[in-house]
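**Q** I'd like to ask you about the structure that follows.
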Amino acid sequence: MDSVNRQWRLVRRPVGAAKVSDMEFHEGDIPDASALADGQILVRTSVFLHAPTMRNWMDEPGNNYYPSVPLGAPMLATCAGTVVASKDPRFTPGDRVTTIGSWQDYAIVDANVMPVRPVRPDVSLVQAMGPLGMNALTAYMGMTKIGRPEPGDVLVVSGAAGSTGSVAGQIGKIMGCRVIGIAGSTDKCNYLTQDLGFDAAINYRDTNVEQEIRALAPAGINVFFDNVGGEILQAAVENIAKNGVIVLCGQIAGYDNSEPISGPRNMMRLVYGSVRMQGFLLGDFEAEIPTATDQLWEWLSAGKIKHREDLREGFESLPESFGDLSKGLNDGTLLVVTQDQEAHSTAL
Ligand SMILES: NC(=O)c1ccc[n+]([C@@H]2O[C@H](COP(=O)([O-])OP(=O)(O)OC[C@H]3O[C@@H](n4cnc5c(N)ncnc54)[C@H](OP(=O)(O)O)[C@@H]3O)[C@@H](O)[C@H]2O)c1
């Protein structure tokens, strides 16, 4: 049993990209299990996911669409761990779960407010956060519920070498699409075409994305899975095919600004093209997550989907490694392991 509860608290609203100095390390008491209210569980955390949208959660309150972490509170984060105490009849001590907790060793989670998902006994917490985690599930829902491509369609994915995009593109291949990925380096583009089976890749840092899409897909994009927004979304709008679909998964190009980035120009293309542009959240499909998890596991086991986790070690490294997301320095799903043994073992 640990003697202290380590925390990283948000103490400053970042200006631009989040900095380590926006956080403060704190050691305190482990929460008293007897003080849990009905519906609450106490989770000992072992693995944290760095998600780009956490940068939005660091902003001032006022945007109704996502939470704002109060100054002085531990930073909110998706995590995996083990239930150590429960006042929710659905969970008992020893259960392994993924949930939205915070940057601390022991997080009290209100299971009636936050999603708390059991982890399959045959997978590790790292696997539950990586290939079966929130981003892979988001890719699955975005492709199968929103994008819904037909075999032979051209699918373009932005943020394609990342956690969500790499899975979205591979699901597109399974669905019979011709898949083009957009990513930020030659190495990432090679990874897409050589390791993941994408048909083509565009390095947005050294080429004109709009022209390159036109050269690769002269008949236009049927489905655009967008993780990025901004000028990359604009390039896709200029190339969208008749009856095309734009799946709005994220707007990472704007997360380091406190003000929202503007939407695309030339919306008459969507009018004349009868184009559907639709946003979504993974939580819109909560009831379908068990089925999606089984399907992803089947594809992974059959080698139809490959997944890479970028594992960082140690609770101390949480704020510093978070900064790598906006610099494009993550190779796949960026996870921080804080309890080695629990993170890598299964329950079997
Ligand atoms: N709707 C939902 O329910 C939901 C759920 C999960 C995630 N998401 C969204 O999915 C998107 C991807 O998240 P992820 O966790 O999978 O991250 P990720 O793609 O693994 O990592 C972020 C990547 O974004 C790229 N990037 C960073 N800044 C950029 C910029 N200014 N312009 C273009 N690309 C930039 C970088 O790759 P490059 O080197 O290629 O630039 C970086 O590696 C995010 O927008 C996130 O909010 C949505």
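**Q** Extension gain residue 346-residue 265, at 0.36 nm per residue separation less the Cα-Cα distance, in nm?
**A** Result: 24.3 nm gained on full extension.
**Q** Per 20 Å bin, what percent of the C-alpha pairs of the chain does each bin hold, from zero upward?
**A** Calculated P(r), rounded to whole percents: 31, 57, 13, 0.
**Q** For the chain, set up a GNM with springs between Cα atoms under 10 Å and report which of 176, 162, 101 has the largest fluctuation.
**A** 176
**Q** Taking only protein heavy atoms into account and a 1.4 Å probe, give the accessible area per residue of the chain in Å².
**A** On a per-residue basis, 44 Å².
**Q** To continue, here is another question. Could you go through region 334-348 in sequence order and give the Karplus-derived ³J(HN,Hα) for each residue, using 6.51 cos²θ - 1.76 cosθ + 1.60 with θ = phi - 60°, rounded to whole Hz, and x for Gly and Pro?
**A** Rounded to whole hertz, the list is 8, 10, 10, 8, 10, 9, 4, 4, 5, 5, 9, 9, 8, 9, 8.
**Q** Heavy-atom accessible area of residue 191 with all protein chains present, probe 1.4 Å, nearest 10 Å²?
**A** 30
**Q** Another one. For a 18 Å ceiling on Cα separation, which of these pairs sit above it: 306/327; 188/327; 19/327?
**A** Violating the 18 Å Cα-Cα cut-off are 306/327.
**Q** Whole angstrom only: what separates the Cα centroid of region 281-309 from the Cα centroid of region 87-164?
**A** 9
**Q** Using a cut-off of 15 Å between beta-carbons, work out the net charge of the residues near residue 176 (Lys and Arg +1, Asp and Glu -1, residue 176 not included).
**A** +1
**Q** Right, another one. Specify the angular offset, from 0 to 90 degrees and rounded to the nearest 10, of the alpha carbon long axis of helix 289-301 from the longest principal axis of the alpha carbons in the chain.
**A** Helix 289-301 and the main axis of the chain meet at about 70 degrees.
**Q** Excluding residue 13 itself, calculate the net charge of residues whose Cβ lies under 14 Å from the Cβ of residue 13, where each Lys or Arg counts +1 and each Asp or Glu counts -1.
**A** Residues close to residue 13 contribute a combined charge of -2.
**Q** Per 0.36 nm of contour for each residue apart, how much would the distance between residue 92 and residue 214 grow if the chain were fully extended, relative to their Cα-Cα spacing?
**A** 38.4 nm
**Q** Further question: Would you calculate the separation in nanometres between label points at residue 53 and residue 327, each defined as 7 Å from the Cα along the Cα-to-beta-carbon direction?
**A** Placing both labels 7 Å along Cα→Cβ, they lie 2.5 nm apart.
**Q** Over the heavy atoms of residue 123, what accessible area does a 1.4 Å probe trace out, to the nearest 10 Å²?
**A** 0
**Q** Continuing with this model, one more query. Taking 7 Å along the Cα-to-C-beta vector as the label spot, tell me the residue 65-residue 206 distance in nanometres, rounded to one decimal.
**A** Distance between label points: 3.4 nm.
**Q** Right, next: Nearest 10 degrees, 0 to 90: what angle lies between the long axis of helix 163-174 and the longest principal axis of the chain (Cα atoms)?
**A** 50
**Q** What ranking of 105, 95, 32 comes out by heavy-atom accessible area, probe 1.4 Å, highest first?
**A** The ranking, largest first, comes out as 32, 95, 105.
**Q** Take 164, 333, 53, 92 and sort them by solvent-accessible surface of the protein heavy atoms, 1.4 Å probe, largest at the top.
**A** Listed by decreasing accessible area, they come as 92, 53, 164, 333.
**Q** Turning to a different aspect of this structure: What order do 307, 50 take when sorted by accessible area (1.4 Å probe), most exposed first?
**A** Highest to lowest solvent-accessible surface, that is 307, 50.
**Q** Cα gyration tensor of region 1-159, axes a ≥ b ≥ c as square roots of the eigenvalues: rounded (a/c below 1.5), prolate (a/b > b/c) or oblate?
**A** Since a/c reaches 1.5 but b/c is at least a/b, the shape of region 1-159 is classed as oblate.
The values are calculated or read from the model by the stated rules, or taken from the named source; none is laboratory data. Model, not experiment: these values are computed from the prediction. No Cβ is skipped: glycine too gets one built from the backbone with ideal geometry, and neighbour counts run over all protein chains shown. Please note that ligands, DNA and RNA were not included when accessible areas were found on the heavy atoms of the full protein model with its side chains. Shrake-Rupley method; radii C 1.70, N 1.55, O 1.52, S 1.80 Å.
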